[in-house]
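Asker: Supplied in structure tokens, the structure appears directly below.
The values are calculated or read from the model by the stated rules, or taken from the named source; none is laboratory data. Because the structure is a prediction, the values reported are computed rather than measured. Please note: Cβ atoms are built from the backbone with ideal geometry, for glycine as well, and neighbour counts cover all protein chains shown. Just so you know, the surface numbers come from the protein's heavy atoms only, side chains and all, with ligands and any DNA or RNA stripped out. Shrake-Rupley method; radii C 1.70, N 1.55, O 1.52, S 1.80 Å.
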Amino acid sequence: MLQIQGINVHYGRRQRLFDVTLPVLEDGDILGLLGPNAAGKSTLMKALSGTHAYQGNILYKGKAQGQYGPSAWAKDVAYMPQSPPQESALLPFELLWSAARALKLALTDAELRALIESLLNRLGLAEVALAPMHSLSGGKRQLVGLALALIRNPRLLLLDEPTSALDLHWRMVVLDWVRERIDHQGGIAIAALHDLDLAARYCNKLALLDRGRLVAAGPTEAVLTADVLARVFNVDVHVEKGILGHPLVQVLRPQLAPKSSLTALTSPSCSIK
Amino acid sequence: MTLALQYRRLVLRRTVLFAALVLALIVSLLLDLAAGPANLDLAHIIAGLWQPESMELRYRIILFDVRLPDALIALAVGAALGLAGIETQTVLNNPLASPFTLGVSSFAALGASIAIVFAPSFPWLDDTFLLPLCALSFALASGLVVLFFSQAMGGSRENVVLFGIALFFLGEALTAAMQYIGSAEAVQDIVFWNIGNLTKAGWPEVAIVTTCFLVILPFSLRHVWVLTLLRAGEAHAGSLGLNLNRVRFWVILRVSILAAFAVCFVGVIGFVGLIGPHVARLLLGEDHRLLVPGSALCAALILSLASVLSKTLLPGVIIPVGILTALIGVPLFILLIINQKRTH
């Protein structure tokens, strides 16, 4: 169980998150974190991952994040940053190897080799496993970043725009895999996404942020409404039920009028707590 | 062939290359020992190293009191600068960084200038150690100042580079001031010290620099996994729960000590700490298990070869090795940049 309550984050003197409380997440939940640019999605991800200071409570399995210690937290909680691993002469295979050894995973060399091989095969990276990172496309590097997050077999996955550099096929493959993993092995995933249809398809809960504040949170169908989306994204949308059973968002046109103030958005049709 | 097997072969290939570098270093050391005006060929040198008493006394003195310390200090200084170089480049995520990015070299020069210009005398200190001690103290101080201020400002790599550059220019300006107030002889000595010269060293200097390198190397090797991870970028390395500020603190401390000890006896020898890691990266890849010792090895090899050249290019003249490392280093560096552009 993961509880995220009253999170405030500052960058210097500037406050970026204001008292953000998300729905309680249980085993099997995938929460989609949505919002326009600079909404605070990545900032919240960094706070959850323990890589940025915050005020508030993050309770995982009944224990505060601070009680785990950075290395114990990182062994159970995988955070995939927004940007893919940088270009260098490093090989994906040796990156994963180093990560496993830095995390002090209790695996023999043979076990680790087998684990890395299966992970790279699953993500379609076997052919480039021994190619320098600078020769890989942005999409492939993003998949390497995902493999890096998954090397520790985490129970809590924090994915910051995991599909932003991927083509349609690999977006589906990656999120299918996340869904399958959560369904079969348990655990919780939080994914910051820009694609509303992917969020509707793969997430059973959504949280919508705007300018550092939580606008709406709850079950997917309750959050993805034309009214809420229009106010947050400043676009006219039509939401209907798709043939796969989840909401389908059709963007009609950008709104010409300036964005309405957040005070008008504090009582959406869904529950915040 | 499975992926795991391919990776094992790659590691084996790199290990063989590493061994070849060790061999090249031994050959270079022997060539360095054989280079010089006295009529001592390679066979004599090897026989003398094996059985010193078999050599004539004058040759024994030349080999053991002159050439061996010069050749070994080249290896020790090169290794120290190479190790400091790879750690600096990785932790600052900057291929243009070198140990001297922290202002160590310019402050070492300032310390040496002060010793030369003012030549203070202390009853408890042998005069021959005054200059290296001053250079060492100032070099260490600059590293520690960078470390202190950058940590106080949050410990980011940008802060380390900015404080390092600021100190570099401060050291240059103050050294220029020392030259301005110094006598003509003092200015000559300062310029000569700044060029970098291996012939100033004896056995105590070899022992000090080697000990410094050997003490610090195991601490560097303890960080090889983290250093390798840093090549994926700070965001990804940090996502594994690693305290990167703490890693940066220890690396900068190690680099300051290594660079300060490396330059305090022989002067500022440029480019070795920059080029050594690049050559090692080209040959051994980014896995820091091999790259960290490999950088030390490559830099030691480069400085040793430069030492051989410095004694053989002009018969009867020993060119200060700092001139040669810059002359060789600049085109080599341009070649590396062109090569990197091509591979990218």
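Asker: Considering only residues of segment A:197-209 that are surrounded by fewer than 22 Cβ atoms within 10 Å (Cβ to Cβ) and of a type outside the set (K, R), which is farthest from A:L156 (Cα to Cα)?
Answerer: Among residues in segment A:197-209 that are surrounded by fewer than 22 Cβ atoms within 10 Å (Cβ to Cβ) and of a type outside the set (K, R), the one farthest from A:L156 (Cα to Cα) is A:D197.
Asker: Conditions: (1) outside any helix (DSSP H, G or I); (2) under 19 Å from B:G316 (Cα atoms). B:N93 meets all but one. Number of the miss?
Answerer: Here B:N93 meets the rest and fails (2).
Asker: Yes or no: B:L162 buried (at least 22 other Cβ atoms within 10 Å of the Cβ) and not β-branched (V, I, T)?
Answerer: No; evaluated as a whole, the condition is false for this residue.
Asker: Now for a different question. Which of the residues spanning segment A:24-51 are within 15 Å of A:V77 (Cα to Cα) and in a helix (DSSP H, G or I)?
Answerer: Scanning segment A:24-51 gives A:L44, A:M45, A:K46, A:A47, A:L48, A:S49.
Asker: Determine if segment B:285-304 includes at least one residue that is more than 11 Å from the chain's Cα centre (by Cα), more than 14 Å from every other protein chain (Cβ to nearest Cβ) and farther than 21 Å from B:P218 by Cα.
Answerer: yes
Asker: Within segment A:38-74, how many residues turn out to be more than 10 Å from chain B (Cβ to nearest Cβ) and among the aromatic types (F, W, Y)?
Answerer: 2
Asker: Let me ask you something else. Being open to solvent by less than 60 Å² (accessible area, probe 1.4 Å) and not aliphatic (A, V, I, L, M) is the filter; apply it to segment B:138-156 and report the residue that is nearest to B:T175 (Cα to Cα).
Answerer: B:S142
Asker: Any chance you could count how many residues in segment B:92-104 are at negative phi and open to solvent by less than 10 Å² (accessible area, probe 1.4 Å)?
Answerer: Residues in segment B:92-104 being at negative phi and open to solvent by less than 10 Å² (accessible area, probe 1.4 Å): 5 in total.
Asker: Looking only at segment B:16-57, count every residue that is at pLDDT below 95 and more than 20 Å from B:I318 (Cα to Cα) and tell me the total.
Answerer: The number of residues fulfilling the criteria is 14.
Asker: Test B:L227 against the stated conditions and say whether it is surrounded by fewer than 16 Cβ atoms within 10 Å (Cβ to Cβ), in contact (Cβ under 8 Å) with a residue 12 or more places away in the chain, within 14 Å of chain A (Cβ to nearest Cβ) and aliphatic (A, V, I, L, M).
Answerer: Judged against the criteria, B:L227 is not a match.
Asker: Name every residue in segment B:233-270 that is of a type in the set (V, I, T), buried (at least 24 other Cβ atoms within 10 Å of the Cβ) and part of a helix (DSSP H, G or I), in order of residue number.
Answerer: B:V251, B:I252, B:V255, B:V263, B:V266
Asker: On the given criteria, is B:L336 farther than 16 Å from B:S28 by Cβ, open to solvent by 70 Å² or more (accessible area, probe 1.4 Å) and within 14 Å of chain A (Cβ to nearest Cβ)?
Answerer: So B:L336 fails the test.
Asker: Residues that are more than 30 Å from B:F64 (Cβ to Cβ), open to solvent by 70 Å² or more (accessible area, probe 1.4 Å), without any contact (Cβ under 8 Å) to a residue 40 or more places away in the chain and under 19 Å from the mean Cα position of the chain (by Cα): does segment B:191-213 have at least one?
Answerer: no
Asker: Does segment B:215-224 hold any residues that are more than 9 Å from chain A (Cβ to nearest Cβ) and either open to solvent by less than 30 Å² (accessible area, probe 1.4 Å) or polar (S, T, N, Q) (or both), and which are they?
Answerer: Taking segment B:215-224 and keeping what is more than 9 Å from chain A (Cβ to nearest Cβ), we get B:215-223.
Result: B:I216, B:S220.
Asker: Moving on. How about segment A:52-67: which of its residues are part of a strand (DSSP E or B) and among the charged types (D, E, K, R)?
Answerer: A:K63
Asker: Name the residues in segment B:271-319 that are in a loop (DSSP other than H, G, I, E, B), crowded, with 20+ Cβ neighbours inside 10 Å and out of contact with any Gly (no Cβ under 6 Å at 6 or more places or on another chain), would you?
Answerer: B:G285, B:E286, B:D287
Here is a yes/no grid of residues against (1) of a type in the set (D, E); (2) open to solvent by 70 Å² or more (accessible area, probe 1.4 Å):
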position	(1), (2)
B:E56	yes, yes
B:I62	no, no
B:A112	no, no
B:F129	no, yes
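Asker: Now for a separate question. Inside segment B:107-214, counting only helices (runs of 4 or more DSSP H) that do not spill past its ends, which hold 3 or more residues that are more than 29 Å from B:A300 (Cβ to Cβ) and aliphatic (A, V, I, L, M)? Quick ask: steps written out before the conclusion?
Answerer: Details: elements: B:130-152, B:157-181, B:184-195.
Qualifying helices (runs of 4 or more DSSP H): B:157-181, B:184-195.
Asker: Related question: Is it true that B:I181 is surrounded by fewer than 16 Cβ atoms within 10 Å (Cβ to Cβ) and modelled with pLDDT of 90 or more?
Answerer: For B:I181, the condition - surrounded by fewer than 16 Cβ atoms within 10 Å (Cβ to Cβ) and modelled with pLDDT of 90 or more - is met.
Asker: Check B:A74 against each of (1) open to solvent by 40 Å² or more (accessible area, probe 1.4 Å); (2) more than 30 Å from B:G238 (Cα to Cα) and name the one condition it does not meet.
Answerer: Among (1) open to solvent by 40 Å² or more (accessible area, probe 1.4 Å); (2) more than 30 Å from B:G238 (Cα to Cα), the lone unmet condition for B:A74 is (1).
Asker: With segment A:68-162 as the region, which helices (runs of 4 or more DSSP H) entirely inside it contain at least 1 residues that are under 14 Å from B:L229 (Cα atoms), modelled with pLDDT of 95 or more and of a type outside the set (A, V, I, L, M)?
Answerer: Once the helices (runs of 4 or more DSSP H) in segment A:68-162 are filtered for at least 1 residues that are under 14 Å from B:L229 (Cα atoms), modelled with pLDDT of 95 or more and of a type outside the set (A, V, I, L, M), what remains is A:92-102.
Asker: Condition first: farther than 16 Å from B:Y7 by Cα and of a type in the set (A, V, I, L, M). Now tell me which residues in segment A:129-145 satisfy that.
Answerer: Start the filter on segment A:129-145 by keeping residues that are farther than 16 Å from B:Y7 by Cα, which leaves A:134-145.
Matches in segment A:129-145: A:L136, A:L143, A:V144.
Asker: Then there's this: For residues in segment A:163-194 being polar (S, T, N, Q) and part of a loop (DSSP other than H, G, I, E, B), which is modelled with the lowest pLDDT?
Answerer: Within segment A:163-194, the subset polar (S, T, N, Q) is A:163-164, A:185.
Next cut, part of a loop (DSSP other than H, G, I, E, B) only: A:163-164.
Details: A:T163: 88, A:S164: 85.
This residue is A:S164.
Asker: Next question. Could we say that A:L130 is surrounded by fewer than 23 Cβ atoms within 10 Å (Cβ to Cβ), more than 28 Å from A:F18 (Cα to Cα) and either among the charged types (D, E, K, R) or away from chain B (no Cβ under 12 Å) (or both) here?
Answerer: Spelling it out, it is not the case that A:L130 is surrounded by fewer than 23 Cβ atoms within 10 Å (Cβ to Cβ), more than 28 Å from A:F18 (Cα to Cα) and either among the charged types (D, E, K, R) or away from chain B (no Cβ under 12 Å) (or both).
Asker: Here are some conditions: (1) open to solvent by less than 50 Å² (accessible area, probe 1.4 Å); (2) within 14 Å of the chain's Cα centre (by Cα). A:S164 meets all but one. Which one does it not meet?
Answerer: A:S164 satisfies every listed condition except (1).
Asker: Could I ask something else about it? Name the residue that is nearest to A:A99 (Cα to Cα), counting only residues in segment B:234-249 that are more than 7 Å from chain A (Cβ to nearest Cβ) and out of contact with any Asp or Glu (no Cβ under 9 Å at 6 or more places or on another chain).
Answerer: B:A237
Asker: Mind telling me which of the residues B:L147, B:L140, B:L125 ends up being of a type outside the set (D, E, K, R) and more than 11 Å from B:L102 (Cβ to Cβ)?
Answerer: Going through B:L147, B:L140, B:L125 in turn, just one is of a type outside the set (D, E, K, R) and more than 11 Å from B:L102 (Cβ to Cβ): B:L125.
Asker: Scan segment B:7-29 and tell me whether some residue there is in a helix (DSSP H, G or I), within 24 Å of the chain's Cα centre (by Cα) and within 14 Å of chain A (Cβ to nearest Cβ).
Answerer: Yes.
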